[in-house]
1. Please find, among Gly336, Gly401, the residue that is without any contact (Cβ under 8 Å) to a residue 60 or more places away in the chain and part of a loop (DSSP other than H, G, I, E, B).
2. Applying the selection to the range 74-97, what residues are touching a strand residue (DSSP E or B) at 6+ places or on another chain (Cβ under 6 Å) and open to solvent by 20 Å² or more (accessible area, probe 1.4 Å)?
3. Which count do you get for residues in the range 584-615 that are within 30 Å of the chain's Cα centre (by Cα) and open to solvent by 40 Å² or more (accessible area, probe 1.4 Å)?
4. Exactly one of (1) closer than 29 Å to Ala384 by Cα; (2) surrounded by 17 or more Cβ atoms within 10 Å (Cβ to Cβ); (3) within 26 Å of the chain's Cα centre (by Cα) is unmet by Val660. Its number?
5. Out of the range 428-455, which residues are more than 17 Å from Gly159 (Cβ to Cβ), in a loop (DSSP other than H, G, I, E, B) and either in contact (Cβ under 8 Å) with a residue 24 or more places away in the chain or not assigned by TED's automatic domain parsing to the domain that holds Thr497 (or both)?
6. Among (1) buried (at least 21 other Cβ atoms within 10 Å of the Cβ); (2) farther than 24 Å from Ile354 by Cβ, where does Asn797 come up short?
7. Mind listing just one residue for me: the one in the range 206-224 that is at pLDDT below 95 and surrounded by fewer than 20 Cβ atoms within 10 Å (Cβ to Cβ) and, of those, nearest to the ligand (Cβ to nearest atom)?
8. For the range 456-473, give me the residue count where each residue is farther than 21 Å from Lys155 by Cα and buried (at least 23 other Cβ atoms within 10 Å of the Cβ).
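The values are calculated or read from the model by the stated rules, or taken from the named source; none is laboratory data. Nothing here was measured: the structure is a model prediction, and the numbers come from that model. No Cβ is skipped: glycine too gets one built from the backbone with ideal geometry, and neighbour counts run over all protein chains shown. When the accessible area is computed, the model is the full protein with side chains, heavy atoms only, and any ligands, DNA or RNA have been set aside. Shrake-Rupley method; radii C 1.70, N 1.55, O 1.52, S 1.80 Å.
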Amino acid sequence: MSEENSLLKALDNTVLSRRSFLKWSTALGGAAVLSGELNLGLKKVEAAAAATNLQADVTVVPSGCSHNCGGRCVLKAWVKDGSIVRITTDDRPDSTDDPQLRACPRGRSYRRRVYNPDRLKYPMKRVGNRGDGKFERVSWDEATTFIANEMKRIKEKYGPTAFYNHYASGAGSLFAGSRMATRLLNLFGGRLNSYGNYSNQCIGYVTPRVFGTGAVMCNTRDDWKNAKLMLFIGFNPAEMIFGTNTHYYIKQARQQGTKVILLDPRYSLTAQSLVDEWIPIRPGTDNALFDAMAYVMINENLQDQAFLDKYTLGFDEEHLPKDVPAGSSYKNYVLGKSDGVPKTPEWAETYTQIPARRIVQLAREVALTKPAMIMHGYGVQRRAYGELPIMGANMLAAMTGNLGKPGAGVGTTVNSRTVVGAHPTPANPVQESISVFTWAEAIVRGTEMGPTDGVTLLPAGQKTLKTNIKALFNIGGNTLINQHSDINKTDKILRDTSLCELIVVADQVLTPSAKYADVLLPVVTWFEKDDLCTNWGPGDSLISMSKAIEPLYECKTDYDIFAMIADKLGLKDKYTEGKTELQWIQQMVADSQKADPKFPSFEEWRKKGVYIFKSDPRIPLKTFIDDPVKNPLKTPTGKIELFSTTIWNEQKTGFVDAKVMPAIPKFQPEWEGGPWDELYKKYPLQAFGHHYQPRSHSTYEEVDWLREAFPQRVFMNPIDAQARGLKDGDKVHVFNDRGRMMLPVRVTPRIIPGVVNIPQGAWWTPDNNKVDQRGAINVLTNYRPTPGSRANPQHSNLVQVEKA
Ligand code: SF4
């Protein structure tokens, strides 16, 4: 048995008695953060307990895994004597139409999170410098009174826009803490809004501007078998999940003859297991490839001109939106008529490193194989000019007529069809909004930030934000430091208590972000509370999450924590509306029952643990394609705007800069993107961070089994390793002007030369010289928002690697 398989078996076989755990834990007194010694103890306890009979006196409680990995799966807690002794997964009958929602090793290792030595046990207040991670234990009353008093003081002094509820994607259930914070802050008088997210903000910017809607433009997975070709552009469902079972639908399509081609600088698990052909490409050069493919199609008259003429604007000079200057079309740009540079395959080869001959073949194959799906991941748009590859993929889909039909579509997997009522969030009295990625800037210079910094919805006559952010709630998230760009810069901002005056963190373990708390609150895991979750994106499930064990230590649910703070603010009745979490869940389920007559009773649903909604495959844009006159899009012109008039207008108002945010998809050589950047002489390797099997972003990093099974390493091509005298396993420094880390190197041809990849999400662990010891990629990433949506460009980095 391989080492990995042994570990997987161990995940299912080990047992921990709660009584033993608590006894042994209590013996260590009130230490807030437990040590490695305890880890050793845990192993001993488990070894002793492993021999007990698992089946006797066990209750199996259905729950779910609701982290932001891209999936949502069923978990079942086996409870004995008030302690979880085993985790299993979906055991409903499995079928091709209704595949089980089976958990991966992360979900199955969940006991290692519940009974983790680093669990936060009590409310705590900071002692010493912010960021040093030193706290003292306080009572819940003391903690919530302090928070409420600080909230009153800050509101009085700065107003409601000084409050900010930080982006947190660690938990995606109904009662996720960040939602509870939003609810309370809105009731308290409001908070500075934010738009976007750290995942797919450029998609969120482009899609409405091209299609007039924020909806995903890819057909539902049950339609994928109708595609003859799938072109994956950095799409990696084997590692990024993109909906539990997405890989399974791809396999189904391939079994029925669909060909899958992947463009990616990495030979990812998707490349290994789900595709027919892998075409390596230099990161950040997708638009050069798209432009050259368009060049071939135009020169060989392969584009679907009838589709372009009928449904789109902006492809050629004959179909430009009204008042747009002549010469602005995509065709003119591709042929070099507007800038003197024809976008030939040879031109694209110098950027993409894909041979020109292969670009010609690919263009012909994509143009002539119908229907085809153009599917991009999120990583391609977390880059310097992340809006452009999304616009380019849309252009490719339109040029080949692959929209609004079975087996066609563009983007990633489609949105949920799940029917469930939403936990109501009161309206935010504050309108003004920042891009979610610019929060740290708004701490330092919010009062200077206006529309040119991406601020939207400012009240009439107000040019900038009224105040900097002064109070920050970071609930169930690690973006305060670990997942935000340029960790060393963010560290300086957060440590300065004269800038942000209050930081409240609630979490389950002492994450790097939790160390910056002024008040640190311990939250239950979802096995210690009642909750529910829907599917992450694609899928149609409503998963019941029933309480399996009593809360450990003094941990509370997020709902109860904010109810306590609300009480101190005189808002408890408004906050709870007199309902418990279970009563809210009953209300949600009643909504689902009304919308779907087949939805079972509350009790039956809770017992089974999951309900799957059924409906026909969904094909975005179909009604528009069927009758574009009767069903125009909600774009300014009613058509698919391949030349975006909205972006064009944003250029005129100064919201975006036309030089870097064009209205058509033009390739722009990225900053920190390749040899064309001056910095390349000093830092000649492109670095990016992919999603890694042991973690969901930074969640699960505390699980030792997963860290052991999937060690953190920097992946490097043998050519680059040899040039540096490195061999597999050597300790290396990866660095640039923003930071430095030390970790082992994995020498492998699965990454192209000139590029290194460092799995994102490892917890930042600096030594005294600020050299990170664990491989947190954000010590290297850049704070320089993308030009349209002001999103995170965290995959555009130049670095150097040398032996440590
Ligand atoms: S981490 Fe994701 S894929 Fe794994 S069990 Fe949880 S929801 Fe499922």
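1. Step by step, each of Gly336, Gly401 is checked, and only Gly336 is without any contact (Cβ under 8 Å) to a residue 60 or more places away in the chain and part of a loop (DSSP other than H, G, I, E, B).
2. Matches in the range 74-97: Lys76, Trp78, Arg86, Thr88.
3. Residues that pass the stated criteria total 8.
4. Against the list (1) closer than 29 Å to Ala384 by Cα; (2) surrounded by 17 or more Cβ atoms within 10 Å (Cβ to Cβ); (3) within 26 Å of the chain's Cα centre (by Cα), Val660 comes up short only on (2).
5. Gly454
6. Status for Asn797: all satisfied but (2).
7. Asp222
8. Counting residues in the range 456-473 that are farther than 21 Å from Lys155 by Cα and buried (at least 23 other Cβ atoms within 10 Å of the Cβ) gives 0.
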